[in-house]
Amino acid sequence: MIKFLGKRVAPKTISPAAPANEPAPHPASPSNSLPDSFMSYRSRVQQHGPLANHMNQPSSAPSAQSASPSSTPSPSSSSHAYGAIGGHSGHELGHLEPAKGEVWDRSELPARFGRMAWTDEEIEALELGGAGLKVGWGGA
Amino acid sequence: MLRTLVPRAASRSATRPCASILQPTGFCLFTYKGRGYATEAAEHDLVIIGGGVAGYVAAIKAGQEGMKVACIEKRGALGGTCLNVGCIPSKSLLNNSFMYHQILHDTKKRGIDVGDVKLNLKQMMAAKNTSVDGLTKGVEFLFKKNKVEYIKGTAAFSGENEVKVNLTDGGEQTLRAKNIIIATGSEATPFPGLTIDEKKVITSTGAIALESVPEKMVVIGGGIIGLEMGSVWSRLGSEVTVVEFLGQIGGPGMDAEISKTTKKILEKQGMKFKLNTKVLEGDANGEGVKLKVEAAKGGKEETLDADVVLVAIGRRPYTAGLGLENIGLEVDNKGRIIIDEQYRTKLPHIRVIGDCTFGPMLAHKAEEEAVAAIEYIKKGYGHVNYNAIPSVMYTHPEVAWVGQNEAELKEQGVKYKTGSFPFSANSRAKTNLETEGMVKFIADAETDRILGIHIVGPNAGEMIAEGVLALEYGASSEDVGRTSHAHPTLAEAFKEAAMSTYGKAIHY
């Protein structure tokens, strides 16, 4: 028989079936899978957009995540207060664009950073098909 | 701030044009130069597209949770298919046509002599409309009570957080929302080659609004909708033939033994069945409709004549005109919008519930999802147990089930035991002179945990609620069998079926 231990209390933290940034297939989905677009969209908005502040950040999070503008208000300390994703107005979350003087992605850097001049060594390496490549040169 | 230098290869890929990076959605986050947000006052916490069962329940729940919510509906009445042209009007007709049929055929043995009994179809339809109007207006009242903004019009996505509404009364309105729920429901699947005119070739919508009783009706599809509406017109005097492609009636989920019993009972009531039969083509050009059919596995062709053909081969998600393509939302091969387990689409602030996404197309499933979706938005967690959603067919007797059937368990290789109890051995069914049908339990062979409950008999639709609760709580058949059930009730058959699963029934 079921024995009740006392007054019902909601637990302080409730783990969702899956972390909010790792969408799991719907239980009634016939394919039991999600298209790649789900993760690609989310990783994009979480990496570069305002949702980055409110997601469970994976340990391998790219450095751009920590570069979110510090001016972005944090509506809640708990990731599940009023929804993990989509629970907050975009207005509250901040902008999709970085603050002045900040960049979130290399593509936003001025062109001089994106188009570095070719060095003679690189040109030679290309022409020789990498045959003259020095050990350790390509490791960045 | 980007402080690290990355390899040249990464640099090149990062400087590719945005369109090549940004997958199928067709839009680019980095290009939102002019993106701005509406003022606080203009932005809703939640906009719901569709005022059917899924949509209106979500709207009310959101209102109760203190959200600023708007619900957009184009029909002109709330409640969707269920309230307006589905569950509710059909139940009105089922109930009243049953009374008519019973008065005609089932009173003498009960000691009631009745005089001249006549059908007043117009009044029967008016009674149906009264029920529908009362309920839809009730939902409108609940909207007001819970401060839900009701917008009459047709909505389409014009942005990730923006919905444009063509208002029914003219004009256009743009709504911005933090969250959007799509709850646009479903529509009847048409039969290829037959044009639905809702007069001669009808769907369930036409079947609840016929102006006269057709002499001959052919129902394409022996699922729940086909059998319910076939029952109505059969009781009112039509000669009804049901053509079903599969080898059993009731659609997927109905236990084969229950389906067989149900078919026998419905045949006794005058309905005819052609199982394993394929409809090849239809011709509605003449006065009636001619349907060419043949055995599903090949065989002799046959032509069926009908005054009215009811197409009841299923329903399909309804998302036309919603502008899903404007925001890159994907649908599967059956037109269902793809969502994750929290009802979120690819765009996590847009959720989908009800018939237009995965799962059975049932109003009560949609209601559960509506509440869960709001809880996910508000609290981050929600709950729907898709293994404990009941199905009910409101014929007479009713058929109801929850959980798995024998065929499904066999396919999964699960060892199970069954127990059943016939209503013919139940005292209340005897006194009611309604002894057809049975209750059947399926439980795990080892643990006795209930895996499925299947009922055909009087009041099965109400009785199954106890079964759903048992399944939700993970009960064993012994738990149910050891629970006191009032005497004399039909529910005792439920208890005794449970008893016969783990031991023996007393009265059979």
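Since every read-out is calculated from the coordinates, none of them should be taken as a lab result. What you see is a predicted model, and the numbers here were worked out from it, not measured in a lab. FYI the Cβ positions are ideal-geometry reconstructions off the backbone, even for glycines, and counts take in every protein chain you see.
Table for the structure above
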read-out: Of the DSSP H helices in chain B, those whose Cα atoms cover at least 20 Å axially and whose Kyte score averages 0.0 or more; value: B:87-105
read-out: Proximal lysines relative to B:Lys137, as straight alpha-carbon distance under 19 Å, when same-chain residues fewer than 8 apart are discounted; value: B:Lys61, B:Lys74, B:Lys91, B:Lys128, B:Lys145, B:Lys147, B:Lys152
read-out: Theoretical gain in end-to-end length, A:Asn32 to A:Glu121 [0.36 nm per residue, Cα-Cα removed]; value: 27.0 nm
read-out: The range B:448-490 residues near the modelled B:Ile506 label - backbone nitrogen below 13 Å, point 7 Å along Cα→Cβ; value: B:481-489
read-out: Proxy reagent accessibility, fewest Cβ within 10 Å first, across B:Val243, B:Val352; value: B:Val243, B:Val352
read-out: Cα centroid separation - the range B:97-135 against the range B:150-181, whole Å; value: 44 Å
read-out: For A:108-116, mean number of other protein chain Cβ atoms within 10 Å; value: 3
read-out: Relative contact order of the range B:38-149, pairs being alpha-carbon contacts under 8 Å that are 6 or more residues apart, as %; value: 32 percent
read-out: Inter-label distance for B:Leu142 and B:Ala407, nm, one decimal - labels placed 7 Å from Cα along Cα-to-Cβ; value: 3.5 nm
read-out: Debye equation applied to the C-alpha atoms of chain B, log10 I(q)/I(0) at 0.09, 0.10 Å⁻¹; value: -0.75, -0.90
